[in-house]
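Have a look at the structure below, then the notes.
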Amino acid sequence: MLKIDSHTHIIPRHMPRWTEKFGYGEFIHLEDSPNPGFARMMQGHTFFREIGANCWDAELRKEEYAALGVQVQVVCTIPVMFSYNAKPKDALELGRFLNDDLAALVAGDPQHYAGLATVPMQDTDLAIQELERAKSIGLLGVQIGSNINGLNLSEPQFFPFFEACQRLGMAVMIHPWEMMGRDRMEKYWLPWLVGMPAETARAASSLVFGGVFERLPELRVMLSHAGGTFLTTLGRLEHGLRCRPDLVAVDNPVEPRSYLGKFWIDSITHDADLLHYVLKLQGASRICMGSDYPFPLGDLELGQYMESMGLSTGQLEFLFAGAALEWLDLPASHFDIDPRKGL
């Protein structure tokens, strides 16, 4: 059975020192680590985290995936690289560097990799310009943050960008970042455990209540981390729309439930019962296997638990590959892999 990991992150091992190049900010670059096979992510001059070689080594990544029986990785940058708070022209330069690196990876190994661009969302015109270029160099979509410098994705300034995604047939992955309330809940790693799911729900709710899905029915959006808390609070969202339409239905009166099956989510639930629940709401054809590889908070067994959930072969085929192919608008033959023969 063909298996596609729809949610993975990668970064170039060698990058300019952007903070020094631009003369301001705290941009990410990598420095050597005293630990073999690792590198130190630096945010300006401050240590951010240590990462392993599977964050950049394409061959190592393939080996690790082969050991788990997965053939294809959809790769995108680490969200800390978005740089939405930078000057637009600088964010564009950084994004072009990352996108060129992704495009080279995909061009060199199109059977095992597909790529999602990053664009300077703080400037819609530049974001569209880079989106168009990303398509021309072989990338299949774009990863964006759950908010743009604190602004919801439903803000009018972002609508032309989503129009361009629909026009160009570029898939959209929404990833949480810059979590709301982060400075008030640092203890217990709560920004990642609580803030990230809430951020994804914030983005999804903004697109629904803002009428973006209503006005752009062909827009192909995937919400990471199983949609965050959006699907688990769907009843509350609907009740709010009904009881206070004066506050909730100001831009779109259509009930959120009507959009189920019109967007995709990834499968990162960490819970078989929750996956059963979102399967009931979304259907297998709108749930893409995703891992958040190579980071430890992800599903680093790449959906192996799904095979013991009593799901049908048809459901598994959608979860493991079919849903991702539809989200990316690709035929199964695109990767030209016989899963029985591994890599």
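The values are calculated or read from the model by the stated rules, or taken from the named source; none is laboratory data. Just so it is clear, the model here is predicted, and its values are computed rather than measured. A quick note on method: Cβ atoms are made from the backbone with ideal geometry, for glycine too, and the neighbour counts reach across all protein chains shown.
When residues in the stretch 141-195 are screened for being under 27 Å from Pro296 (Cβ atoms), in contact (Cβ under 8 Å) with a residue 40 or more places away in the chain and small (Gly, Ala, Ser), 4 of them pass. Pairing each residue of the stretch 273-297 that is acidic (Asp, Glu) with any residue that is crowded, with 21+ Cβ neighbours inside 10 Å and part of a helix (DSSP H, G or I), provided the two are 6+ apart or on different chains, yields C-beta distances under 9 Å for Asp292/His225. Of the residues examined, Asp90 is one that is touching a helix residue (DSSP H, G or I) at 6+ places or on another chain (Cβ under 6 Å), in contact (Cβ under 8 Å) with a residue 24 or more places away in the chain, of a type outside the set (Val, Ile, Thr) and over 24 Å from Met196 (Cα atoms). Taken together, the residues in the stretch 167-199 that are surrounded by 15 or more Cβ atoms within 10 Å (Cβ to Cβ) and either at positive phi or not in a helix (DSSP H, G or I) (or both) amount to 12. Among the residues of this structure, Leu300 counts as one that is closer than 28 Å to Ala53 by Cα, within 20 Å of the chain's Cα centre (by Cα) and free of Cβ contacts under 8 Å to residues at least 12 places away in the same chain.
Is it true that Asp100 is among the acidic types (Asp, Glu), closer than 24 Å to Leu330 by Cα and either under 16 Å from the mean Cα position of the chain (by Cα) or in a helix (DSSP H, G or I) (or both)?
Yes; evaluated as a whole, the condition is true for this residue.
Looking across the stretch 233-292 at every residue that is closer than 17 Å to Arg215 by Cα and among the hydroxyl-bearing types (Ser, Thr, Tyr), the one that is surrounded by the most Cβ atoms within 10 Å (Cβ to Cβ) is identified as Tyr259. Cβ-Cβ distances below 6 Å connect the following pairs, each with a first residue in the stretch 98-120 that is over 10 Å from Ala134 (Cβ atoms) and modelled with pLDDT of 95 or more, a second residue that is of a type in the set (Phe, Trp, Tyr) and buried (at least 21 other Cβ atoms within 10 Å of the Cβ), and a separation of six or more residues or different chains: Leu105/Tyr113; Val106/Tyr113.
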